[in-house]
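Written out below as structure tokens is the structure these notes cover.
The values are calculated or read from the model by the stated rules, or taken from the named source; none is laboratory data. Just so it is clear, the model here is predicted, and its values are computed rather than measured. As a convention, Cβ positions derive from the backbone with ideal geometry for all residues, glycine included, and neighbour counts pool all protein chains shown. Ligands, DNA and RNA are excluded from the accessible area calculation, which covers all protein heavy atoms including side chains. Shrake-Rupley method; radii C 1.70, N 1.55, O 1.52, S 1.80 Å.
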Amino acid sequence: MSTTPTREKRPPARHVVARVDEIAPGASKLVHVEGRDIAVFNVAGEFMAIANRCPHEGADLCKGKLTSLFESDEPGVVKMSRHGELVRCPWHGWEFDLRSGKSWCDPARTRVKSYDVAVEHGARLVEGTYRAEVFKISVDDEYVVLEL
Ligand code: FES
């Protein structure tokens, strides 16, 4: 019987990528973490992140417009929900769910990677094992933290 060496799983690293007030509601910021381009969005005060590259032809999803979910069960009646939780690709309009990364029209096969995002106080960050390569942390501010 042969044994296959198991790869040791490293604990997720937490990266401080922005001050909360840097990304206004409805806006986004492109960040570079561990060699990846990641689009971070502020959806009405909640932060969400997906890989920046559209799987169709590679557009920057951070430049896409936030939109909502529109559904219809009958002609002339449209329901809108999940306000601003989808991003529309700026090139050809494919839409991606910011929570799951799944595309709206083909969720089983087409998706972008989504990332866990948290908001942390500076006072907590200076004590923890966070990585903040880009800027200095102030204990008075709040920060957007990505987990990879
Ligand atoms: S590049 Fe995104 S929809 Fe075409």
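List of remarks:
- Condition broken by Arg88, with the remaining ones in (1) within 21 Å of Leu30 (Cβ to Cβ); (2) more than 16 Å from the ligand (Cβ to nearest atom); (3) open to solvent by less than 100 Å² (accessible area, probe 1.4 Å) satisfied: (2)
- Residues (under 13 Å from Leu146 (Cβ atoms), loosely packed, with under 15 Cβ neighbours inside 10 Å and out of contact with any helix residue (DSSP H, G or I) (no Cβ under 6 Å at 6 or more places or on another chain)) located in the range 18-33: His32
- Hey, Ser28 among the hydroxyl-bearing types (Ser, Thr, Tyr), in contact with a strand residue (DSSP E or B) (Cβ under 7 Å, 6 or more places away or on another chain) and farther than 18 Å from Ala118 by Cβ or not: no
- Failed condition for Thr110, given (1) in contact (Cβ under 8 Å) with a residue 60 or more places away in the chain; (2) β-branched (Val, Ile, Thr); (3) open to solvent by less than 50 Å² (accessible area, probe 1.4 Å): (1)
- Only one of the numbered conditions (1) assigned to a loop (DSSP other than H, G, I, E, B); (2) of a type outside the set (D, E, K, R); (3) within 14 Å of Val112 (Cβ to Cβ) is not met by Cys62, and that is (1).
- The residues of the range 34-78 that are touching a Leu at 6+ places or on another chain (Cβ under 8 Å), away from the ligand (no atom under 16 Å from the Cβ) and open to solvent by 20 Å² or more (accessible area, probe 1.4 Å), listed by number, are Glu34, Arg36.
- Close pairs from the range 123-146: first open to solvent by 100 Å² or more (accessible area, probe 1.4 Å), partner in a loop (DSSP other than H, G, I, E, B) and among the small types (Gly, Ala, Ser), Cβ under 7 Å, at least 6 apart: Arg131/Ala13
- For Glu8, the stated conditions do not hold, so it cannot be described as of a type outside the set (A, V, I, L, M, F, W, C), without any contact (Cβ under 8 Å) to a residue 60 or more places away in the chain and assigned to a strand (DSSP E or B).
- Scanning the range 23-33 for residues that are on the phi < 0 side of the Ramachandran plot and either aliphatic (A, V, I, L, M) or away from the ligand (no atom under 16 Å from the Cβ) (or both) returns Ile23, Ala24, Pro25, Ala27, Lys29, Leu30, Val31, His32, Val33.
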